[in-house]
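Here's the structure, in structure tokens; my notes come after.
The values are calculated or read from the model by the stated rules, or taken from the named source; none is laboratory data. Just so you know, these numbers come straight off a predicted model, no measurement behind them. Neighbour counts are summed over all protein chains in view; Cβ atoms, including those assigned to glycine, are modelled from backbone coordinates with ideal geometry.
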Amino acid sequence: MERNEEKSEKKVISPEHYAGMRILVAEDNELNMDIMMPVMNGLEAAHAIRMTNRKDSQTISIIAVSANAFEEDIQSSLASGMNAHLSKPVEVEKLRETLHRVLG
């Protein structure tokens with residue numbers, strides 16, 4: 001196969017891949033998803049989850065979804081204990097790739 005005929009294979013991740021998993025999506029606004037929640041924002045929530053004594057507190061996957069997409073925002077999400085950061089508007093393919101990477 002010549003170089004220009006090579007095709008990059010893209011792994012298709014179907015919803016069945018996540019069968020049996022429980023995924024929580026927390027949102028304060030029906031129109032969009034964001035880490036800026038009332039009472040406790042997503043950064044504080046992730047940190048609080050990581051600090052609990054639950055046996056899964058260090059292994060549970062947490063993904064930020066925010067319109068705040070600067071590098072410092074991403075680093076703040078990761079520093080709070082989140083596994084990944086997605087920017088809004090959420091692109092379905094990036095969401096699938098992130099779920100696959102984070103959840104395995």
Selection from the stretch 84-103 of residues of a type in the set (Ser, Thr, Tyr) and part of a helix (DSSP H, G or I) yields Thr98
Go through the stretch 46-104 and give me each residue that's β-branched (Val, Ile, Thr), exposed (fewer than 14 other Cβ atoms within 10 Å of the Cβ) and over 13 Å from the mean Cα position of the chain (by Cα). Thr52, Thr59
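For the stretch 56-71, how many residues meet the condition of being among the β-branched types (Val, Ile, Thr) and assigned to a strand (DSSP E or B)? Before the answer, list the steps.
Let us first name the residues in the stretch 56-71 that are among the β-branched types (Val, Ile, Thr), namely 59-60, 62-63, 65.
Subsequent filtering for residues that are assigned to a strand (DSSP E or B) retains 63, 65.
The qualifying residues number 2.
Table: residues versus (1) modelled with pLDDT under 90; (2) in contact with an Asp or Glu (Cβ under 9 Å, 6 or more places away or on another chain); (3) not small (Gly, Ala, Ser).
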site: Met21; (1), (2), (3): yes, no, yes
site: Ile35; (1), (2), (3): yes, yes, yes
site: Ile63; (1), (2), (3): no, no, yes
site: Ser76; (1), (2), (3): no, no, no
site: Val92; (1), (2), (3): yes, no, yes
Which pairs do you get when a residue that is more than 13 Å from Ala46 (Cβ to Cβ), found in the stretch 64-92, comes within reach of a residue that is assigned to a helix (DSSP H, G or I) and not polar (S, T, N, Q), reach meaning Cβ atoms under 8 angstrom, with the pair 6+ apart or on two chains? Leu86/Lys94; Leu86/Leu95
